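The values are calculated or read from the model by the stated rules, or taken from the named source; none is laboratory data. If you're wondering where the values come from, they're calculated on a predicted model, not measured in any experiment. Here the Cβ is made from the backbone with ideal geometry for all residues, glycine too, and neighbour counts use every protein chain on show. When the accessible area is computed, the model is the full protein with side chains, heavy atoms only, and any ligands, DNA or RNA have been set aside. Shrake-Rupley method; radii C 1.70, N 1.55, O 1.52, S 1.80 Å.
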Amino acid sequence: MNAIALRSPVAMSADFADVFAAHHAEALRIAYLLSGDRQRAEDAVSEAFVKVYRRWRSGGVDNPRAYIRRAVVNEVNSRFRRLALERREAAKRRGDDRGQRSTEDQAADQDEVFRALQRLPERQRTAIVLRYYNDLSEAETAEVMGVSTGTVKSSVSRGLERLRQVMEVS
Amino acid sequence: MPADIERMLRESLEARAQDVEPDAETWNRVQSRIRRQRTFRLALAGVSATAAVLVAIVVVPGLIDRPDVVFPGPAAPTDPDPVPGPADGCTSPADVAAVYSSQGDLWKACVGGGAHLLYGSSDIDENPAVSPDGIHVLFTSWRDSAPVIAHVYLSTGASTVLGGGELPAFAPDGRVAWVQQADGDRAFIVGGQLFSEPEFEIPVDGRVRRLAWDTVDDHLLYETGEGAVWVARPESGELLRIDDPERTYSSPAVAPDGTIAVIAVDEGGSYELGYLDRAVLAGAEPGYRPVVDLPMLDDFSEPFLAPAGYVWAEQVGDMEHRWVPRDELAWLVGSPGWVSLLREDGERVGLAMEAEMLAPAMNPAAVLGEREGDEPLYLEPQAVPHNVEVTRQRIHAAARAGDFGGLHALMVEEFSWSFGGNLDRDEAIAYLRDNPELLDVIAGLLELPYGVVDPVEPEYFVWPWVFTDPEANWPELRDRLVAAVGEQQVGDYEEHGEYLGWRVGIDRDGVWRYFIAGD
């Protein structure tokens, strides 16, 4: 009887492993800066890469780095909206959930700027992370966020203004 | 206060990012999820294949009438959703209406009335555009993640799908343009007469986000999100970029008097409504005039702008407004969840609609005031029962669009298509496919007055009116009847005093019973 070799979809696409290896770290860091939570960042990045794979396999990704950035931002922000509700519920039940957070997350909490960043509206936070961490231009940021450059400009401006106000108070 | 918030921000982000090291297990998780999804898809494919076999056995006869859409773009299924209602009752002497999308449905608001559901479905429906005569509404409907252009009549909500595309816009002469997004950063602006083949196709770079037709000349304005406004000329396909080193532009909109407005964001990130000199359309340097500062709210982003024309909103309750005619030009401006009526002098009224209001579109004819001329309006609502009117409009739209599937769905099973006992809608459709010129006859008849065949059970409404009232409107509407059915049938009518030519019958319940000629 002839043996039939079955290959997994991932095994059939070794190139995608290279894509993953090349962009995982950056994707994870963007996700973390947007979400403020390492575990949730990993989850979001995993899901984002699964979605990227589907597109990649069909040959629809010309610029994997840009596409991955966009997928990660979308994934984190859509999860963030759900989490905002979950967190409020968890806080009600437990009083506070910081005791369960990682050492890195607790360290981040001691960083005033980072803490203030996490309190910005989603669009402002995203625009600021992409502009000041990834050093993307306004046009590139707009592309990743799927918004106009005017919205990026306005979101960054208002986000910075709010960060200034928060830092003043503190 | 920090000396340099931007420097602190960069340092903080870099430090926090370096805290995070990639987890080697993530790759395994990604592979595992991909495998699971593949397994699920294979299982689903098996189920689908089984279902497909069953469908082929049971439903194949119905498949012969898949839509054969004339409107450009890939064929899309005819909208199977029932007509939402009631949608009549939102009318006013001035016929001023705004159509807007809210939570994926289309609503309309009229002077003197509240907001009414115009069209609701399980799909996301957005970006409505109202025709200059106030009769038609086109909108983007997302079906299986692909956008299609759908049509709905403003008076009844009767709808049909026309073809692939998004962001429809009407010209003042009734032509329509829309966007077909290609793969990558490429799109086509296409357009022509409503219900017809496209007359032009303009390739453009980028993803078109807003499209507006100039109300004075033959220009289309659009933006792709990079801060500039583009002008496209349908006649030549020429493109012109309008940008400004000091600000970014978005949401171009053109008022009935030709005023070109944009939302501008300055270097400080502030929003304002401003006007562009019309000379930019001829290639002149942008002459920009700021008009009104817009609020800097956290959720004010991705703004939209639409001409509201010469109306204003009077508050009549805590959450209600009544729209009233006014001499000054007004704009509808806002972002998701927030919309205001705004005047050039800065007066503003927040609109409390039924829900959030997205991408509103005004009836441009109405905002210009009185309609010009005495020409009978195209498919004006007729004084028939609501169900009959809905069916009339649906048949009309399907006939104009060449949508055989839509026509088939509207016919009663025992549809009479030939005098003498041919009662079969499948045969009727086959006959129409062989004689497609009859689609124009159907549509033309339904634009004429009707008559009532009474007493019969059920009561029938018949187009044209001369079948039941041979002397009415004669000879005033002779030319229109000739345009619908041809000189020969009208000549026979005049010779014998009895009209036995093509006619359409809909019963009181809104069931399309026949399209026949003879006696």
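Descriptive notes on the structure:
- Built amide H within the under 5 Å cut-off of residue B:242, gap 5+: B:229, B:230, B:231
- Residue by residue along B:23-29, Cβ atoms of other protein chains within 10 Å of the local Cβ number 5 on average.
- Neighbour-limited loop hits for chymotrypsin sites (Phe, Trp or Tyr not before Pro), segment B:219-292 (at most 10 other Cβ within 10 Å; DSSP other than H, G, I, E, B): none
- C-alpha center-to-center spacing [segment A:128-170, segment B:157-228] in angstrom: 31
- Segment B:120-207, Cα convex hull volume normalised per residue, Å³: 90
- Computed about its Cα centre, the charge dipole of segment B:182-256 is approximately 260 debye, with only Lys, Arg, Asp and Glu carrying charge at their Cβ.
- Protein heavy-atom accessible surface, 1.4 Å probe, per residue over segment B:209-271: 33 Å².
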